[in-house]
1. Taking the options ASP171, ASP120, name whichever one is acidic (Asp, Glu) and outside the structural domain of ASP311 (by TED's automatic domain parsing).
2. Could you identify the single residue in SER291, SER281 that is among the polar types (S, T, N, Q), under 22 Å from the mean Cα position of the chain (by Cα) and within 11 Å of SER195 (Cβ to Cβ)?
3. Going by the conditions given, is LEU66 within 20 Å of VAL32 (Cβ to Cβ), surrounded by fewer than 18 Cβ atoms within 10 Å (Cβ to Cβ), aliphatic (A, V, I, L, M) and free of Cβ contacts under 8 Å to residues at least 60 places away in the same chain?
4. Identify all residues within the stretch 72-96 that are more than 28 Å from the chain's Cα centre (by Cα) and more than 21 Å from LEU374 (Cβ to Cβ); write none if there are none.
5. Kindly indicate the residue of the stretch 283-313 that is in contact with a helix residue (DSSP H, G or I) (Cβ under 7 Å, 6 or more places away or on another chain) and surrounded by fewer than 18 Cβ atoms within 10 Å (Cβ to Cβ) and also farthest from ASP201 (Cα to Cα) among those meeting that condition.
6. Kindly indicate whether VAL244 is touching a Lys or Arg at 6+ places or on another chain (Cβ under 8 Å) and either over 24 Å from ILE184 (Cα atoms) or free of Cβ contacts under 8 Å to residues at least 60 places away in the same chain (or both).
7. Those residues that are farther than 15 Å from ILE227 by Cβ and in contact (Cβ under 8 Å) with a residue 24 or more places away in the chain, I need them from the stretch 330-347; list them, please.
Amino acid sequence: MNQKIFVACDHPGGANAISPVASEIIRDGGEVVVLEYGAVNNFGQYGFQLTPLSRFGIVTPEKENLEIMLGKENAGLVITGASVQKPGSIEHLAIKAARNVCPSLSVLDLWMNYSPRFKDETENFVLPDAIAIMDEIARKGMEAEGFPPEILKVTGNPYFDSLHSCVRDFDAEKRIELRKKLGINPGEILVSFYSQPIEQDWGRNGGKYGFTEKDAFRTLLKGLEPILSLVKVVGCIHPRERVVMEKEGENFGLFKIARESKVRTVFAEQDVKARHLALSSDVTATAFSTSAYESIAMGVPAIAIMPGATDSVIIDTFIPVFGEYIPIAKDSKRVYDLIKSLVYDRGYKAKVNKILSKVIVDGKATERVKNLALSMINKLGGRVS
């Protein structure tokens, strides 16, 4: 393979999905250039050497200078993430820049906001030559929103390939060890809360959602007060929130909420892997982050906390896609009822375990996306059948 593959990504979710594919291509002798932009920390976690745009004489990325860069560098393919777009996002710029140079492939990582990921400020589609998507659920949803069926390729999300190996390798002894490290006593209930930067993205009132991660966290803690002597909450900070956390210190919003609650709460250090925390938990909770899906795919019950959410708000997240797999709590009483049932009701637990056993990740998404990417390099215009 003589031509280079360029990767442009704005968001950690896209970086997580693309990184396993890029690693395999490099292992097979390919050359992958990961541009230092957006989700830098997540690519770094996978050991990539990031390439700053300044190396190509680019200060501010634009369609024109990226197109010149791709042409000069003999680009054979551009792979992008599929983030909800904001002004200056490099993913749309890279797709546009590639049109006269090489094919482009986007990798979708979540079952929600399909159109906003591929529409510009004028509501026009900015589409790559192909989009690698998770499953038929995503296909149906995207076709309903007007995506051309021929560019949608069902591959699975490569980031989820390692879920089963994670379950296999993180055995009971390691679970006990991590629970002990987190201060969980034998017999105590561990509920992990996976935050996400809703406020950063949508403002203090949560924008179209009407709630933020802070509201979800408060609702969780309030719901656990009736069993506060039996439970401990461990918070997991989203990678994009850590910059704010480091700046604000003890004044960080989630820290303040935890201090105001009667429920014992700690926050996981950065070296605690999110999946290991989930596997050490009795129940995981979030607003609507992919941690909920990862949790149920590893056999750990998850709940989605959306305070006061309307049906139109809920349907704008990926949670309804999984129906009874991820129950929704709109208030603290529902939080209490769900967690009590998930922990203490044997019949309900058995029902949930049976449901979760139907969530299947076959571990072959990385191979499918890699093969798709390599096939596109040799296709005129990137069109694939």
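The values are calculated or read from the model by the stated rules, or taken from the named source; none is laboratory data. Computed from a predicted structure; not experimentally measured. Methodologically, a virtual Cβ is constructed for each residue, glycine included, from the backbone with ideal geometry; neighbour enumeration extends over all protein chains shown.
1. ASP120
2. Working: SER281 fails: within 11 Å of SER195 (Cβ to Cβ).
Answer to the check: SER291.
3. No: the conditions fail for LEU66.
4. LYS72
5. Residue satisfying both the conditions and the ranking: GLY299.
6. Criteria not met by VAL244.
7. Passing the criteria: LYS330, ASP331.
Results for (1) touching a residue at least 40 places away in the same chain (Cβ under 8 Å); (2) more than 25 Å from ILE314 (Cα to Cα), shown as yes or no for each residue.
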{"residue": "GLY76", "(1), (2)": "yes, yes"}
{"residue": "LYS96", "(1), (2)": "no, yes"}
{"residue": "ARG99", "(1), (2)": "no, yes"}
{"residue": "PRO103", "(1), (2)": "yes, yes"}
{"residue": "LEU108", "(1), (2)": "yes, no"}
{"residue": "TYR114", "(1), (2)": "no, no"}
{"residue": "PRO128", "(1), (2)": "yes, yes"}
{"residue": "ALA132", "(1), (2)": "yes, no"}
